[in-house]
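*Asks:* This is the structure I have questions about; it appears just below.
The values are calculated or read from the model by the stated rules, or taken from the named source; none is laboratory data. As the structure is a computational prediction, the values presented were derived from the model and not from experiment. Cβ sites come from the backbone with ideal geometry, for glycine too, and all protein chains shown count toward neighbours.
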Amino acid sequence: MKLSRILSNQNEVSRRQANRLLAAGRVFIDGGVCREGGLDVSRFREVRIDQDIIQCAEPAHYLMLHKPAGYLSATQDEQHPTVMELIESGLRPQLHIGGRLDRASTGLLILSSDGLWSRRLTEPRIKIPKVYRVKTAQPISPETAERFAEGIWFDYEQLTTSPAHLDQLSDHEALLTIFEGRYHQVKRMFHAVGNRVTSLHRESMGDLKLDPTLAVGGYRHLTTDEVSSVG
């Protein structure tokens, strides 16, 4: 919600008064002065006018999960286990998934209760790099890196993918960095160059890297610095 809306929602504060409070430096978000009435303020931030709290900060949750194969990136499913079943039951109702992986894929999965934060992590227009370790059925052809750097045309969306970087590790294995996260994007890119992905493991999203000490199926809360790295 916009800060000006939060202020004007107070029974005794008109929109004009809200603007005066902002200009006078009497509005605080998480203890710091804010003069931007158009700022989006999530429910996880405290808002004060002088010393009076007008919005209490709700606790936010930011989790890193080492996703195993065989689990759906979904809140519930009648046929298959979901990643939510790996999370403490008390946290599950508050969480959503930021950047899904398909059932066979493994690696870094982020879950959060903060929608504004997770949208910054996954919004294609922001172009946060996402790194995947990919294994393929056929040898990776020499022209694959060039094709990916040029972008691959997706007929269904009627668009060309953003330039991607391929770092080949062996004949059948590579690290692929993409900047979007469209439906089955990595598998569709390799299909477009006549190959098939046999294994897909996400290693990082922006500055968030899968913790090497995290067991498969395990999760932990993100550190303050990790949360802040998303912006």
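*Asks:* Where the second residue is part of a loop (DSSP other than H, G, I, E, B) and the first is among the basic types (Lys, Arg) and lies in the range 177-196, which pairs have Cβ atoms under 6 Å and are six or more apart or on separate chains?
*Replies:* Arg196/Ala137
*Asks:* Consider Gly181 against the criteria (1) under 16 Å from the mean Cα position of the chain (by Cα); (2) at negative phi: it satisfies all of them except one. Which criterion is unmet?
*Replies:* All conditions pass for Gly181, except number (2).
*Asks:* Sticking with this structure for a sec: Going through Pro93, Pro163, Pro142 one at a time, which residue ends up being free of Cβ contacts under 8 Å to residues at least 40 places away in the same chain and touching a helix residue (DSSP H, G or I) at 6+ places or on another chain (Cβ under 7 Å)? First the steps, then the outcome.
*Replies:* Values: Pro93 fails: touching a helix residue (DSSP H, G or I) at 6+ places or on another chain (Cβ under 7 Å); Pro142 fails: touching a helix residue (DSSP H, G or I) at 6+ places or on another chain (Cβ under 7 Å).
None of the others qualify; the one that does is Pro163.
*Asks:* Would the range 122-145 turn up any residue that is assigned to a loop (DSSP other than H, G, I, E, B), at pLDDT below 95 and among the basic types (Lys, Arg)?
*Replies:* Keep residues of the range 122-145 that are assigned to a loop (DSSP other than H, G, I, E, B), which gives 123, 127-129, 137-143.
If we keep only those that are at pLDDT below 95 too, we end up with 123, 127-128, 142.
Subset that is among the basic types (Lys, Arg): 127.
Scanning the range 122-145 turns up at least one residue that is assigned to a loop (DSSP other than H, G, I, E, B), at pLDDT below 95 and among the basic types (Lys, Arg).
*Asks:* Related question: Do you know which of the residues in the range 99-120 that are in a strand (DSSP E or B) and in contact (Cβ under 8 Å) with a residue 60 or more places away in the chain is nearest to Ala57 (Cα to Cα)?
*Replies:* Leu111
*Asks:* Take the residues of the range 206-231 that are surrounded by 14 or more Cβ atoms within 10 Å (Cβ to Cβ) and β-branched (Val, Ile, Thr): which is farthest from Glu123 (Cα to Cα)?
*Replies:* For the range 206-231, the residue satisfying everything is Val227.
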